[in-house]
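The values are calculated or read from the model by the stated rules, or taken from the named source; none is laboratory data. Source: prediction; values computed, not measured. A quick note on method: Cβ atoms are made from the backbone with ideal geometry, for glycine too, and the neighbour counts reach across all protein chains shown. To get the accessible areas, we keep the full protein, side chains included, count just its heavy atoms, and leave off ligands, DNA and RNA. Shrake-Rupley method; radii C 1.70, N 1.55, O 1.52, S 1.80 Å.
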Amino acid sequence: MERRESGGAWRKVVGAIPGGASLFSIAIGAAVLVGWAADIAFLKSVLPIWVAMKANTALGFILAGLSLWFLRQEAMPPVQRRLGKSLGAAVALVSGLTIVEYLAKLDLHIDQLIFTDSAEAVATSSPGRMAIHTALSFAMVGIALRVMDVETSRGVRLAQVLALLGAFVPFLILVTYVYDIQFPGAVNYTTSMALHTAITFLLLCAGILLARPRQGLIREILSERVGGVVARWMLPTTMVALFVLGWLRLEGQAIGLYGTEVGLSVMVVSNIAVLSFVVWRMARALNRADEKRVELNRVLLQRAEELAAVNKELEAFSYSVSHDLRAPLRTLDGFSQMLLEDYVEKLDEEGRRRLERIRAASQRLGRLIDDLLSLSRLSRTEVKSETVDLSGLAAAIAAELHQSDPYRRVEFVIADGHHVQGDVGLLRAALTNLLNNAWKFTSKHPMARIEFGAMHLNGQTVYFVKDDGAGFDPSYTNKLFAPFQRLHGTREFDGSGIGLATVQRIVRRHGGDIRAEAAVEKGATFYFTLGK
Amino acid sequence: MTMNKKAILLVEDNPDDEELTLRGLRTNNIANDIVVAHDGVEALEYLFGTGPHANRNLAEQPALILLDLKLPRLDGLEVLRRIRADDHTRLLPVVILTSSKEERDLVESYQLGANSYVRKPVDFNQFCEAAKQLGLYWLVLNEVVS
């Protein structure tokens, strides 16, 4: 986790491996074919005493390399991916036929299809035929490429498993080359594989593994988490250490420091030492990560407690507001009314008007307090999840609005069949606010049209409420959803400025968002989403 | 239908609200005696005939109790609990008359056996209307166990 900042560089290297491996494979295959065509021994076997790469193997590498090139990333175009898979199948077919030749002791005449093998070929069963191990490795690489994007229900990537299996023998061969040893009874065809064949196989397998870095078992190694960090440190360390130890053991044995038994014991003990060190480092890394996590958890719990306390305080506050703030308003309104009733002959027109102003103000403040309380309650109540018929809700609200003022000529257009998962009470409140707004801001027009509908945008359903009323200046959209912000004077359109804040809060509590589009006297449209 | 002539017990600590409620009831021709208790303790003393009301005839219980929730000393919910716990008062109609619209107040009131829950409107005309409806319903329409 500490290395997250430097993550970019090595990730780029890792990302380039599939492409690089495929180009390398194609190049090696082509070079060997040139070697066969021009009879250049160096290109075929690197050193004359080593086995040469067969022409079929070279062809296999070109096909496998091309296949990996077309599959090197998840986001390749479908045409290329199909081509890549077909090339993988071709590789599997050639190697499969060779295996059949070995098993059934047949000659299918595919071995010298391109070039005729020389009579003095090193370690060859029949002229031009690739080694059985090469054929097996090709089979696994070929199938791996063919099933590159197949994943079992438990998340296992067959391609990655096959790539690891296919790398086993080439890796073994590479080690024997480096240690300069031969299997007892070698040279014979069952154990021979050209050095560049082994290296190319290893690169191809690495390329297949890294072509899908976010899937299957390779994901754990490349992960940002502590496991990935530890694995990326442990794997190379262990590999290099064991490799070097094995080499030292052989060298020691070769110069007569110790015999086979002692050599084995030295090897075992040093392996144990290396693995213990690696395990210790892993334990330390995990412990540190765990300590950090425990500490973060503690801090988080503390925050949660503080938040709960603040929430409780807020609740007590709003409870007190609900009880205590309205009482004086009742006094203001009630006693003004009593004055109006009892002192009617002592008050002139202006006196009565002023008392009415006091009454209107106290009533407005009363409504404001109520709205504010319900807004604050919105953030505190739990959001239920049930299937809500938004179209039905909109239609019901529209009917209520019609009833409230039957003489207004407003056409409601409500799209049918929009259901959503959410809290029916909250969603009704949101739609009521939006449709009430549309109703209110079209009231100065003789005829109006109010629409509720939905559309799909970037895989999300976007609902909208649209009217052709007064609209507003779009440069004020940012003020629209803040509580107590009003874009129209009370004289023009009544309201407390809390409706859209309420709607926004409801929409956000459903995991969605809301925005508005409008122009002065051209109507307003409110677009909102409700979660995924 | 005859109007129940027994008293109404109004439990209200705010003098302004008291006056408004009284006026609301009076302007709607509710002629019953109105006994006012200014906190929960006073209300219980009246109902159970203790303290200053030691000599009260307990057979004469009010026809209706209008109970505020937020009260000094003993709050409305506790008063309601005691009323419902005592055999002499458990059947009396209790109407919660309060400022609060908080869900938990409503739920708790009904759970404790309130007969009705009315929120005092800020608008005095609506307030008078509420008082009128309450009087009409609880003192005229509603039949109580005598």
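Taking A:E291 and the conditions (1) farther than 26 Å from A:I218 by Cβ; (2) surrounded by 15 or more Cβ atoms within 10 Å (Cβ to Cβ); (3) modelled with pLDDT of 90 or more, which numbered condition does it fall short on, given that it satisfies the others?
All conditions pass for A:E291, except number (2).
Looking only at the range A:53-65, which residues are in contact with a Leu (Cβ under 9 Å, 6 or more places away or on another chain) and open to solvent by less than 60 Å² (accessible area, probe 1.4 Å)?
A:M53, A:A55, A:N56, A:A58, A:F61, A:I62, A:L63, A:A64, A:G65
Kindly check whether there is at least one residue in the range B:45-68 that is modelled with pLDDT of 90 or more, surrounded by fewer than 21 Cβ atoms within 10 Å (Cβ to Cβ) and under 14 Å from the mean Cα position of the chain (by Cα).
No, the range B:45-68 contains no residue that is modelled with pLDDT of 90 or more, surrounded by fewer than 21 Cβ atoms within 10 Å (Cβ to Cβ) and under 14 Å from the mean Cα position of the chain (by Cα).
Looking only at the range B:69-85, which residues are open to solvent by 10 Å² or more (accessible area, probe 1.4 Å) and more than 9 Å from chain A (Cβ to nearest Cβ)?
B:L71, B:P72, B:R73, B:L74, B:D75, B:L77, B:E78, B:R81, B:R82, B:R84, B:A85, listed by residue number.
If I ask for residues that are touching a residue at least 12 places away in the same chain (Cβ under 8 Å), outside any strand (DSSP E or B) and within 8 Å of chain A (Cβ to nearest Cβ), which ones from the range B:86-110 would you list?
Scanning the range B:86-110 gives B:S99, B:S100, B:K101.
Could you please tell me which pairs satisfy a Cβ distance under 8 Å, a separation of 6+ or placement on different chains, a first residue in the range A:268-280 that is in the same structural domain as A:A241 (by TED's automatic domain parsing), and a second residue that is β-branched (V, I, T) and open to solvent by less than 60 Å² (accessible area, probe 1.4 Å)?
Hits for this filter: A:V274/A:T238; A:L275/A:T238; A:V278/A:T237; A:V278/A:T238.
For the range B:28-40, indicate whether the set of residues that are away from chain A (no Cβ under 14 Å), assigned to a helix (DSSP H, G or I), under 15 Å from the mean Cα position of the chain (by Cα) and not hydroxyl-bearing (S, T, Y) is non-empty.
For the range B:28-40, residues away from chain A (no Cβ under 14 Å), assigned to a helix (DSSP H, G or I), under 15 Å from the mean Cα position of the chain (by Cα) and not hydroxyl-bearing (S, T, Y): present.
From the residues in the range A:347-374 that are more than 11 Å from chain B (Cβ to nearest Cβ) and closer than 22 Å to A:G497 by Cβ, which one is surrounded by the fewest Cβ atoms within 10 Å (Cβ to Cβ)?
A:R357
Filter the range A:313-334 down to the residues that are buried (at least 16 other Cβ atoms within 10 Å of the Cβ) and either within 7 Å of another protein chain (Cβ to nearest Cβ) or out of contact with any helix residue (DSSP H, G or I) (no Cβ under 9 Å at 6 or more places or on another chain) (or both) and list them by number.
A:Y319, A:S322, A:H323, A:R326, A:A327, A:L329, A:R330, A:T331, A:D333, A:G334
Exactly one condition in (1) over 30 Å from A:K312 (Cβ atoms); (2) within 14 Å of another protein chain (Cβ to nearest Cβ) is false for A:Q403; which is it?
A:Q403 satisfies all of (1) over 30 Å from A:K312 (Cβ atoms); (2) within 14 Å of another protein chain (Cβ to nearest Cβ) except (2).
Go through the range B:111-127 and give me each residue that's assigned to a helix (DSSP H, G or I) and either open to solvent by less than 20 Å² (accessible area, probe 1.4 Å) or touching a strand residue (DSSP E or B) at 6+ places or on another chain (Cβ under 7 Å) (or both).
B:F124, B:F127
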